[in-house]
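Below is one structure, written out as structure tokens, with a few remarks after it.
The values are calculated or read from the model by the stated rules, or taken from the named source; none is laboratory data. Keep in mind it's a predicted model, so treat the numbers as computed, not measured. Every residue, glycine among them, receives a Cβ derived from its backbone with ideal geometry; neighbour counts consider all protein chains shown.
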Amino acid sequence: MLKWLWLSAVVIVLDQITKYMVSDSLLLFQSVPIMPSLNMVLAHNTGAAFSFLSDAGGWQRWFFAVLAMVVSVVIVVWMKRLKQNEQRLAVALSLVLGGAVGNAWDRLVHGYVVDFIDIYYGDWHWPAFNVADSAITVGAVLLILDALFNREDQPQAEKK
């Protein structure tokens, strides 16, 4: 199922292009309204999801980069072992892989992840995110759905 790696590549390219465009167009923390409840804002996240460990002193850059690379290798090995009928799982893993590599690239090159999508309601703002984060989220949801609803490989309950 390594044929799905093209999807990871698309995620990485879209992620890096959008991050470059936003970084080239906006100043740090500059916010541009796109539509109601959606802004484009340039943010640099030195931590993980929701800025977890963002003020940890710098070691987290290397920790999260190495973690992303280890997870990426595990995902590629997992994908290589998938059966032909496990396409939903392959798509999910490809999305997670593309997102992980896109964010790891930022950490290695810049020391932070470029975030720019700001969704809000009133004064409440969801933490800024990017294309890679979106791909990871969609991939994770697909993984959960596959785990919950993929009954092809699970043993059938005994009939009474």
> Does Asn39 count as among the polar types (S, T, N, Q) and at pLDDT below 95?
Replying inline: no
> Which residues, counting only those in region 129-157, are part of a loop (DSSP other than H, G, I, E, B) and at pLDDT below 95?
Replying inline: Asn150, Arg151, Glu152, Asp153, Gln154, Pro155, Gln156, Ala157
> Quick one: how many residues across region 78-115 are polar (S, T, N, Q) and either buried (at least 21 other Cβ atoms within 10 Å of the Cβ) or closer than 27 Å to Leu27 by Cβ (or both)?
Replying inline: 2
>> Test of understanding: among Ile12, Ile17, Ile75, which residue is modelled with pLDDT of 90 or more, surrounded by 15 or more Cβ atoms within 10 Å (Cβ to Cβ) and closer than 15 Å to Val131 by Cβ?
In response: Ile12
>> Taking the criterion of being crowded, with 18+ Cβ neighbours inside 10 Å, at pLDDT 95 or above and assigned to a loop (DSSP other than H, G, I, E, B), would at least one residue in region 116-127 satisfy it?
In response: no
> In the list Val22, Val32, which residue meets the criterion of being more than 15 Å from the chain's Cα centre (by Cα), crowded, with 20+ Cβ neighbours inside 10 Å, farther than 17 Å from Gly139 by Cα and modelled with pLDDT of 95 or more?
Replying inline: Val22
